[in-house]
Amino acid sequence: MTVTTVPAYAAPAPKAPLERTEIPRRELGEHDVLIDIAYAGICHSDIHQVHEEWGPALFPMVPGHEIAGTVSAVGSGVTRHQVGDRVGVGCFVDSCRECEQCLAGTEQFCTGPNGNTGTYNSVGRDGEPTYGGYSTRIVVDERYVLRIPEGIGLDVAAPLLCAGITTYSPLNRWGAGPGRKVAVVGLGGLGHMAVQIAHAMGAEVTVLSQSLRKKDDGLALGADHYYATADPETFGQLANSFDLILNTVSADLDFGAYLRLLKAGGTMVQVGAPGHPVPVQVFSLIGGNKALAGSMIGGIPETQQMLDFCAEHGIGAQVEVISADRINEAYDRVLTSDVRYRFVIDTATI
Ligand SMILES: NC(=O)c1ccc[n+]([C@@H]2O[C@H](COP(=O)([O-])OP(=O)(O)OC[C@H]3O[C@@H](n4cnc5c(N)ncnc54)[C@H](O)[C@@H]3O)[C@@H](O)[C@H]2O)c1
Ligand SMILES: [Zn+2]
């Protein structure tokens, strides 16, 4: 049942500019938390979906799955969160809770009847479309709400809910500790988190970026080395160098060229998500027992672990806070790589 409407920014149709509107939020259920959203990050995935690059989407669309705010009310059965708590919401807001994946805490791969419920561009259990964080308030089941530790500002914490966990999870899984050589491809929103997290985990970190334009930033974020992929010598120089390559690039890349940079037994993990197929020459995998893998965000327990890790290591996103009327301009700037390193919407301006 809908009892309240809140202001939001929505794309009314595919590729259309976002505009201010009103959206419904459901009544607070027994296990629900009402969150006053303070900040919402702009992820490149928001743009892919507004542009329908991942297939047909639901409109009007209120994007936003990097949400940070404060609990302002809780349902009668809520035990995990209290009014006043600093909390975050990431890419999904519900799942079946019964399948093997949900029980293992990898709810992003829920195999229940409808899979998990995306924070936006999805349909909830109640049959209603979900609307994301580019708004002032959201109602979410407590199971899908994360604690943001003291010591991280809500603005720099918001991007951790997607960019943070998307890079932490594969670095954790495939190993980015001491003695490991890790390359991060692309220094955007995800890339700049990957560099900080891999460095904090103790790995030797190399950034592979198109140019050397952001080299000083990359080194300041914790990279040990920085190379331009536009320089043809880079690929020869770095052949057989890395244990792990994390590709955060939103566009197509020549996978073969990057696979040659792996040591034998190395793994390249794809987190960047261009919408169309990419050819791979199998000999670039066979020669060296190499693996090409993918990784999608992370489950609720690992997301909490990531937030705690970031707080412990003083890691946050580097953000450019914008007012809501600049969302369309921000989208254009993300598409031209003109962001250092995450746009975050101040939702008080909606
Ligand atoms: N797997 C997941 O769970 C997951 C989660 C979030 C985002 N994503 C995807 O990750 C990608 C990156 O997201 P983001 O928010 O960091 O985007 P972003 O735009 O902030 O960063 C992308 C970076 O790639 C760089 N780039 C583009 N073409 C390049 C090239 N040819 N070589 C080197 N660098 C290049 C850009 O300059 C930019 O710095 C998107 O496709 C997004 O949808 C995936
Ligand atoms: Zn995202």
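Structure above, values below:
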item: Estimated vicinal HN-Hα couplings, Hz - the range 297-313 in sequence order (Karplus 6.51, -1.76, 1.60; Gly, Pro = x); result: 5, x, x, 4, x, 6, 5, 5, 4, 4, 4, 5, 4, 5, 5, 4, 9
item: By accessible area with a 1.4 Å probe, ligands and nucleic acids excluded, highest first: order of 263, 290; result: 263, 290
item: Spread of Cα-to-Cα distances over 10 Å intervals beginning at zero, given as percent, for the range 163-294; result: 14, 49, 34, 3
item: Whole-percent carbon and sulfur share, accessible surface of the range 14-59, 1.4 Å; result: 50 percent
item: Whole-Hz couplings from phi, Karplus 6.51/-1.76/1.60, listed for the range 132-145; x for Gly and Pro; result: x, x, 6, 7, 9, 8, 8, 10, 9, 4, 4, 5, 10, 10
item: Cut-off under 5 Å, modelled amide H: who pairs with residue 148 long-range; result: 86, 87, 88
item: Cα gyration tensor category, rounded, prolate or oblate, for the range 9-132 with a/c compared to 1.5; result: oblate
item: Average projection area in nm² (convex hull over Cα atoms of the range 62-196, one quarter of hull surface); result: 9.8 nm²
item: Derived scalar couplings ³J(HN,Hα) [the range 341-350; Karplus, 6.51 cos²θ - 1.76 cosθ + 1.60; whole Hz; x for Gly, Pro]; result: 10, 8, 7, 10, 8, 7, 6, 5, 8, 7
item: Amide H partners (placed H, <5 Å) of residue 262, local residues excluded; result: 240, 241, 242
item: Dipole of the chain, positive direction: furthest Cα of 339, 69, 88, with charges on the beta-carbon; result: 339
item: Partner lysines for residue 290 [C-alpha distance under 23 Å; skip if fewer than 8 residues away on the same chain]; result: 181, 263
item: Probe 1.4 Å, all protein chains present, accessible-area order of 96, 43, largest first; result: 96, 43
item: Exposure of residue 37 as accessible area (Å², to 10), given a probe of 1.4 Å and all protein chains; result: 10 Å²
item: Rounded if a/c under 1.5, otherwise prolate or oblate - the range 223-264, Cα gyration tensor axes; result: rounded
item: Cross-link reach list, aspartates and glutamates versus residue 215, counting only Cα pairs under 15 Å and skipping chain neighbours closer than eight places; result: 224, 231, 338
item: Å³ per residue enclosed by the Cα convex hull of the chain; result: 129 Å³
item: Solvent-accessible area of residue 30 with every protein chain in place, 1.4 Å probe, in Å² to the nearest 10; result: 110 Å²
item: Whole-number accessible area per residue in Å² for the chain, which is evaluated in the context of all protein chains at 1.4 Å; result: 41 Å²
item: Amide N of the range 64-102 lying under 14 Å from the label point, which is placed 7 angstrom from the Cα of residue 125 along Cα→Cβ; result: 77-78, 93-99
item: Span from the the range 1-80 Cα centroid across to the the range 177-237 one, whole angstrom; result: 33 Å
item: Mean residue ellipticity (222 nm) of the chain, computed from DSSP H runs ≥ 4 via -39,500 (n - 2.57), nearest 500; result: -6000 deg cm²/dmol
item: Heavy-atom accessible area ranking, 1.4 Å probe, most first, across 25, 147, 326; result: 147, 326, 25
item: Carbon/sulfur fraction of accessible area - the range 163-294, other protein chains in place, 1.4 Å, %; result: 52 percent
item: Label-reachable residues, the range 245-281, where backbone N falls under 19 Å from a point 7 Å from residue 225's Cα toward its Cβ; result: 245-248, 256-269
item: Mean Cβ neighbour count within 10 Å, used as a protection proxy, ranking 50-60, 308-318, 180-190 highest first; result: 180-190, 308-318, 50-60
item: Antiparallel bridge percentage (DSSP; both residues within the chain; nearest 5); result: 55 percent
item: Per-residue SASA entry for residue 36, accessible area with 1.4 Å probe, Å² rounded to 10; result: 60 Å²
item: Residue 143-residue 296 pseudo-label distance in nm [points 7 Å out on the Cα-to-Cβ vector]; result: 1.8 nm
item: Efficiency of FRET between residue 97 and residue 278 - r from beta-carbon atoms, R0 51 angstrom, step 0.05; result: 0.90
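The values are calculated or read from the model by the stated rules, or taken from the named source; none is laboratory data. Predicted model only: the values in this text are computed from it and were never measured. Cβ coordinates were reconstructed from backbone atoms using ideal geometry, including for glycine residues, and neighbour counts include every protein chain displayed. Remember, those area values only see protein heavy atoms, side chains included, never the ligands or the DNA or RNA. Shrake-Rupley method; radii C 1.70, N 1.55, O 1.52, S 1.80 Å.
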